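Here's the structure, in structure tokens; my notes come after.
Where a number appears in this text, it was derived from the coordinates with a stated rule and is not lab data. Computed from a predicted structure; not experimentally measured. As a convention, Cβ positions derive from the backbone with ideal geometry for all residues, glycine included, and neighbour counts pool all protein chains shown.
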Amino acid sequence: MLSLDHLAVSGTTLELAATHLEASLGVPSLPGGRHEAFGTHNRLLGLAGGLYLEAISIDPDAAAPGRPRWFGLDMFDGPARLTNWICRVPDLDAALARWPEAGDVVNLARGDLRWRMAVPTDGRLPFDGMFPALLEWQVPVPPGDSLAGSGCTLERLVVSHPEADALVTRLDMNDPRIAFERGTAGLLAEFQTPGGIRTLA
């Protein structure tokens, strides 16, 4: 039911998030846009297999959203880093019946894109943010299939958390690229890139 859709790199500014992403993989990102519902903006990088990377931050020129921002961005500090993994589902309502802790449904739009996403009321995903954000695309061609390719392929995503076993049991996810390890909460991704194997953390 869960399919990996994209990964998010957060930063205190979009420039810092995008620079960290680009320096880690050795390829440039592309312009994204603004998310009015949450007062954020992003840049994107297409990956093989219908996946993509997103650099995201609070948009200093946007109006306050009137609710906590997604991905815990209101509480984000420190260096730019890989913070979230996002999974798509065919039916978000059915997914939330199984994983209600993922949040409440928010209808979103950016340009021609339309999607529904589960966002916790406080903006913080369970398991210290290591629980995947869930979304349902409402367009025939999602960004992972429409973005220009970067020559990069995700080889492995490591999801670390002190309660990794409980997270694995809760998700019951079968994707050979995704590994769960006990440890400090965090994400690490390995990519095949035009410059060889690169790591993003």
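Observations on the structure shown:
- Under the combined filter of DSSP loop state and at most 16 neighbouring Cβ atoms within 10 Å, the stretch 29-107 retains none of its chymotrypsin sites (Phe, Trp or Tyr not before Pro).
- A crude spin-label estimate for the pair Thr12 and Arg98, with each label 7 Å from Cα along the Cβ direction, gives 4.0 nm.
- Distant-in-sequence amide contacts of Asp5, defined by a placed amide H-H separation under 5 Å and a gap of 5 or more residues or a different chain, comprise Ile86, Cys87, Arg88.
- Loop-located GluC sites (Glu not before Pro) in the stretch 107-164 whose Cβ has at most 16 other Cβ within 10 Å (DSSP): Glu163
- Charge sum, other residues only, whose C-beta stays under 15 Å from His161's C-beta, Lys/Arg counted +1 and Asp/Glu -1: -2
- Taken about its Cα centre, the stretch 1-104 carries a charge dipole of about 160 debye when Lys and Arg each add +1 at the Cβ and Asp and Glu each add -1 at the Cβ.
- Mean-position separation - Cα centroids, the stretch 127-201 and the stretch 25-104, in angstrom: 13
- Dipole of the chain [Lys/Arg +1, Asp/Glu -1 at C-beta], most positive-end residue of Ser150, Ala133, Ala102: Ser150
- Estimated 222 nm signal from helices in the chain, with DSSP H stretches of n ≥ 4 weighted -39500 (n - 2.57), rounded to 500: -4000 deg cm²/dmol
- Added length on full extension, which subtracts the Cα-Cα distance from 0.36 nm per residue, Ala48 to Ala23: 7.1 nm
- Check: the chain dipole with +1 on Lys, Arg Cβ and -1 on Asp, Glu Cβ, in debye: 180
- Scattering profile of the chain at q = 0.08, 0.12, 0.16, 0.19 Å⁻¹ [log10 I(q)/I(0), Debye over alpha-carbon scatterers]: -0.23, -0.55, -1.06, -1.61
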